[in-house]
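First up is the structure itself, then whatever we jot down about it.
Bear in mind these aren't lab numbers, they're just calculated from the coordinates by the rules spelled out. This is a predicted model, so every value here is computed, not measured. Heads up, the Cβs are rebuilt from the backbone with ideal geometry, glycines too, and the neighbour counts pull from every protein chain shown.
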Amino acid sequence: METATEWIKKNSHVLATRKPDEPLDDLRALAPLVRDAKIVALGAAARQTRELSDVAHRIVRLLVEEEGFRSLALEGDDPGRLGLDAYVATGEGDPRALLAEARAFWQTAEILELVHWMRSYSKRHPDDPVRFAHPPAEPVRHTTRLDGLAELERTLADGVTWWQQHTGDKVVYWGGMAHTAVGAPRTVSPSEPPETHQNMGGYLRERLGPGFRSVGLTLAHGSIGLPLPTPSPDFVDSLLSAAAEGRAGYVLDLGIPRPEPVRRFLDTPTRTRLIGPFYDPRNDEVHHLSGGSLASWFDAVVHTQEVTPARPLP
């Protein structure tokens with residue numbers, strides 16, 4: 001009987017270790033899954049790594065250059081406030097200085113490379129540019145803590161939906177897995193129990209059906225400036241890591257036909273590594289997403305075996 005590890009090895013596509021401007025052939029297995037979507041979300045297990053940022057950049061390139069996507073939503077700040085959308089459209093301004101005013105997890109050389117690429121693409125395609133999504137600001141609401149978290153998720157979904165409908169663009173949303181995974185409860189902090197409410201990915205799936213696709217950017221081990229140990233056996237990341245077997249990573253479409261034992265495994269509630277702004281390597285197991293299954297959270301997984309810290313802005 002075929003195990004889940006064997007099935008993943010057989011059905012995944014090798015992910016090469018490449019820079020953002022290098023060939024995209026190793027990612028093209030994603031294309032059939034996402035090309036008819038209106039919104040594709042890239043949900044990273046950690047925001048502080050070079051490798052997940054580079055692979056996200058390469059997926060953005062694939063979707064823009066080959067699949068007709070024209071807007072990028074970067075979670076956690078407003079490109080309009082920063083002036084980044086104006087830079088991408090006109091070349092006016094210093095993108096490094098603009099990013100220096102952004103949230104801390106945007107202040108990386110990897111994001112700067114992405115902004116430079118967007119400007120280059122728009123300059124080469126003045127009649128069909130790529131741009132940052134910047135939905136209208138939402139009014140501030142006074143809510144309880146749990147209601148506030150639920151309202152945040154709804155606001156994120158409302159914003160990207162509004163932009164997509166307002167512009168007609170196909171949109172790539174690059175953010176954190178806690179928001180993009182379909183229907184996932186969020187673990188807010190190690191000291192508190194999970195709070196189950198619908199998240200952005202759940203709202204978008206509810207509204208768009210297959211017009212929304214969720215791609216999980218998972219990792220096995222490495223460093224974010226602090227060491228990330230190999231995940232424990234009760235994390236699904238442990239199986240994803242075992243299936244890599246010497247490869248730098250792989251692309252796996254979770255919607256393809258699968259035998260019953262594999263389907264049962266992929267549909268069983270599990271935990272997956274989720275590194276937020278604060279991380280304690282001495283207590284690694286508390287940093288996770290739970291309450292769902294790999295196949296319910298994501299339509300595809302792009303797995304990276306080893307990560308290193310993101311580079312600071314030059």
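Annotations for the structure displayed:
- A simple charge model with +1 on the Cβ of Lys and Arg, -1 on the Cβ of Asp and Glu and nothing else charged puts the dipole of the chain at about 180 debye relative to its Cα centre.
- In region 4-307, the convex hull through the Cα atoms has an average projected area of 15.1 nm², a quarter of its surface area.
- Bridging of LYS123 to lysines at a Cα separation below 22 Å is possible for LYS19, LYS170, once same-chain residues fewer than 8 apart are set aside.
- Packing rank of 292-305, 99-112, 271-284, where each peptide gets the mean count of other beta carbons within 10 Å, highest leading: 292-305, 99-112, 271-284
- Sequence-distant residues sharing a close amide H with VAL130 (under 5 Å, placed H): SER122
- Helix 109-124 axis, angle to the chain major axis (alpha carbon atoms, nearest 10°): 50 degrees
- Around PRO79: net Lys/Arg minus Asp/Glu count, Cβ-Cβ under 12 Å: -2
- Restricting the GluC sites (Glu not before Pro) of region 206-314 to loop positions (DSSP other than H, G, I, E, B) with no more than 13 neighbouring Cβ atoms within 10 Å leaves GLU245.
- Under a 5 Å amide H cut-off, with hydrogens placed 1.01 Å from N, ALA73 pairs with ALA133, VAL172, TYR173, TRP174 among residues at least 5 apart or on other chains.
- Region 1-46 and region 298-314 have Cα centres separated by 13 Å.
- Computed from backbone phi, the HN-Hα couplings of region 255-262 come to x, 6, x, 8, x, 3, x, 6 Hz, rounded to whole numbers (Karplus: 6.51 cos²θ - 1.76 cosθ + 1.60, θ = phi - 60°; Gly and Pro given as x).
- Table column - 3J(HN,Hα) (Hz), region 86-95, Karplus curve with 6.51, -1.76, 1.60, x for Gly and Pro: 5, 5, 4, 7, 10, x, 7, x, 10, x
- Once C-alpha pairs closer than 8 Å and six or more residues apart are averaged by separation and normalised to the residue number of the chain, the relative contact order reads 28 percent.
- Within region 4-307, DSSP assigns beta bridges of which about 35% are antiparallel (rounded to the nearest 5).
- Reduced Cα scattering model of region 222-288, Debye log10 I(q)/I(0), q = 0.21, 0.24, 0.28 Å⁻¹: -1.02, -1.19, -1.35
- Taken along the Cα-to-beta-carbon direction at a fixed 7 Å, the label points for THR17 and HIS166 span 4.2 nm.
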